[in-house]
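Scroll down for the structure; my scribbles are underneath it.
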Amino acid sequence: MDLLRTLVDKGLRRELPTREEALAVLSSGDDELLDVVAAAGRVRRHWFGRRVKLNYLVNLKSGLCPEDCSYCSQRLGSRAEILKYSWLKPEDASKAAAAGVAGGAKRVCLVASGRGPSDRDVDRVSRTIEAIKERHEGVEVCACLGLLSRGQAERLRAAGADAYNHNLNTSEATYGDICTTHDFSDRVSTVQQAQAAGMSACSGLIAGMGESDADLVDVVFALRELDPDSVPVNFLIPMEGTPLAGEWNLTPRRALRVLAMVRFVCPDAEVRLAGGREVHLRSLQPLALHLVNSIFLGDYLTSEGQEGSADLAMIEDAGFEVEGADTTTLPAHRADAPAAPAASATSATSAHARTDRSDAGTRPDARTDSGPRTDLVAVRRRGAGTDLPPNA
């Protein structure tokens, strides 16, 4: 396909595809799927070889969030029967992180529910970061605490935080459909604050919330303009007790197309396969390793993931290797570059907001083949906040 040759050439040059090219990846047919994966795989291997970076989540504070994000089991009014607990003590969080590091994770992601941290919360997380760094020299720590206030990013960086995660999740045009307690520009601002403080920015999306192809392209183009080092791609986990519990809009093939599109638009970024991979990719998870260069090991915030040992076996069986602690994840031009100012992502997305969205998830390949796989959605009952050992 001429399209795929063009996309590979652009990916090797870090050149942005056109919107039409990105949309064409999402609308490609099943007969072309392996060609799409192979083409995006060439771009992935050019920048990252066959390495897979492992990341590990520690949920520092679970549930009871005042925000109303429709996809989230921790949201205001959620009826999901998840674990609910207040802040873990630094020593308990460090112990939880140790399980992930022992499993091969080189980055620990510290996450807390809530709109954003208070100054006291920043102090608490800073102590946790210091405890983890003292115990595990060289491990990367990424904080994910919600919307940041002035000066908080700098304090986290001073405490040793290497990165900050705050996802854009969906397009600016449809953001109000999934959340009313903050807006898209708040999220962009937080990513920019993290970058300005010298932290590596981590920002991604959630696919499968009923969005159109145009919405997916919009949010990925906005991410490209923000230029985060890490782009997590989540697939909605439709948790019972949340407003989006009935949204089963993905097939494994659709999920692969989304990942391929993200790789073509963000060719040299750390594209991370995140929440929902087990639910929606299912037996095609190994194919996704040809598109992404990073995954989460073990469980997620409120749901259980694939067993850590199965993750490691999948990587080996597919012919990939776990990235070592002494290996720099990002290409040299990224690893050595200062944080980008990224001042105009909101305006760029606004320019795309008028795109026709008549293709909103109605194509046959955007539906689950065998109906909702609720059997694959399991609430996390182990690890942080419990007395049971974690999955890592």
Q: Please give the number of the condition Lys95 fails out of (1) touching a residue at least 24 places away in the same chain (Cβ under 8 Å); (2) over 23 Å from the mean Cα position of the chain (by Cα).
A: (1)
Q.
Report every pair of residues separated by at least 6 positions or lying on different chains whose Cβ atoms are under 8 Å apart, first residue within segment 116-138 and touching a residue at least 60 places away in the same chain (Cβ under 8 Å), second open to solvent by 10 Å² or more (accessible area, probe 1.4 Å) and assigned to a helix (DSSP H, G or I).
A. Val125/Ala159; Thr128/Pro90
Q. Across segment 55-74, which residue is least open to solvent (accessible area, probe 1.4 Å) among those that are at pLDDT below 95 and over 20 Å from Ser86 (Cα atoms)?
A. Ser70
Q. Here are Asp183, Asp162: which of them is of a type in the set (Asp, Glu), farther than 24 Å from Asn293 by Cβ and more than 14 Å from the chain's Cα centre (by Cα)?
A. Asp183
Q: Could you tell me whether any residue of segment 321-337 is open to solvent by 40 Å² or more (accessible area, probe 1.4 Å), at pLDDT below 90 and either among the β-branched types (Val, Ile, Thr) or in contact with a strand residue (DSSP E or B) (Cβ under 8 Å, 6 or more places away or on another chain) (or both)?
A: no
Q. Are there any pairs with C-beta distances below 7 angstrom linking a residue in segment 143-164 that is of a type in the set (Lys, Arg) to a residue that is open to solvent by less than 10 Å² (accessible area, probe 1.4 Å) and not in a helix (DSSP H, G or I), with the two at least 6 apart or on different chains, and if so which?
A. Arg157/Met199
**Q.** Residues of segment 24-54 classified as open to solvent by less than 50 Å² (accessible area, probe 1.4 Å) and either on the phi < 0 side of the Ramachandran plot or among the acidic types (Asp, Glu) (or both), total
**A.** 19
Q. If you go through segment 236-253 one residue at a time, do you hit one that is open to solvent by less than 10 Å² (accessible area, probe 1.4 Å) and under 15 Å from the mean Cα position of the chain (by Cα)?
A. yes
Q) How many residues are touching a helix residue (DSSP H, G or I) at 6+ places or on another chain (Cβ under 9 Å), under 17 Å from Val139 (Cα atoms), touching a residue at least 60 places away in the same chain (Cβ under 8 Å) and not polar (S, T, N, Q) when one looks only at segment 49-91? A) 5
Q. Within segment 115-136, how many residues turn out to be touching a Leu at 6+ places or on another chain (Cβ under 8 Å) and open to solvent by 20 Å² or more (accessible area, probe 1.4 Å)?
A. 3
Q) List the pairs whose first member sits in segment 294-307 and is in contact (Cβ under 8 Å) with a residue 24 or more places away in the chain, whose second member is in a loop (DSSP other than H, G, I, E, B) and of a type in the set (S, T, N, Q), and whose Cβ atoms are under 7 Å apart, counting only residues at least 6 apart or on separate chains? A) Gly298/Asn391; Asp299/Asn391; Thr302/Ser73; Thr302/Gln74; Glu304/Asn391; Gly305/Asn391; Glu307/Asn391
(Q) Can you find, within segment 149-175, the residue that is farthest from Asn55 (Cα to Cα) among those that are of a type in the set (D, E, K, R) and surrounded by fewer than 22 Cβ atoms within 10 Å (Cβ to Cβ)? (A) Arg150
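Show me the helices (runs of 4 or more DSSP H) found entirely inside segment 1-79 where at least 1 residues are over 19 Å from Val220 (Cβ atoms). Show your work before the answer.
Numbers: elements: 2-12, 19-26, 33-48.
Counting at least 1 such residues, we get 2-12, 33-48.
Residues of segment 176-186 being assigned to a helix (DSSP H, G or I) and open to solvent by less than 20 Å² (accessible area, probe 1.4 Å), which ones? Steps first, please.
Of all residues in segment 176-186, those assigned to a helix (DSSP H, G or I) come to 176-178, 184-186.
Residues satisfying the conditions are Ile178, Phe184.
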Q. What are the residues in segment 137-148 that are at pLDDT 95 or above, open to solvent by 20 Å² or more (accessible area, probe 1.4 Å) and assigned to a loop (DSSP other than H, G, I, E, B), if any?
A. Leu147
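The values are calculated or read from the model by the stated rules, or taken from the named source; none is laboratory data. Remember, predicted model here, so these are calculated numbers, not experimental data. Here the Cβ is made from the backbone with ideal geometry for all residues, glycine too, and neighbour counts use every protein chain on show. For the accessible areas, the whole protein counts, side chains as well, though only heavy atoms, and no ligand, DNA or RNA atoms are used. Shrake-Rupley method; radii C 1.70, N 1.55, O 1.52, S 1.80 Å.
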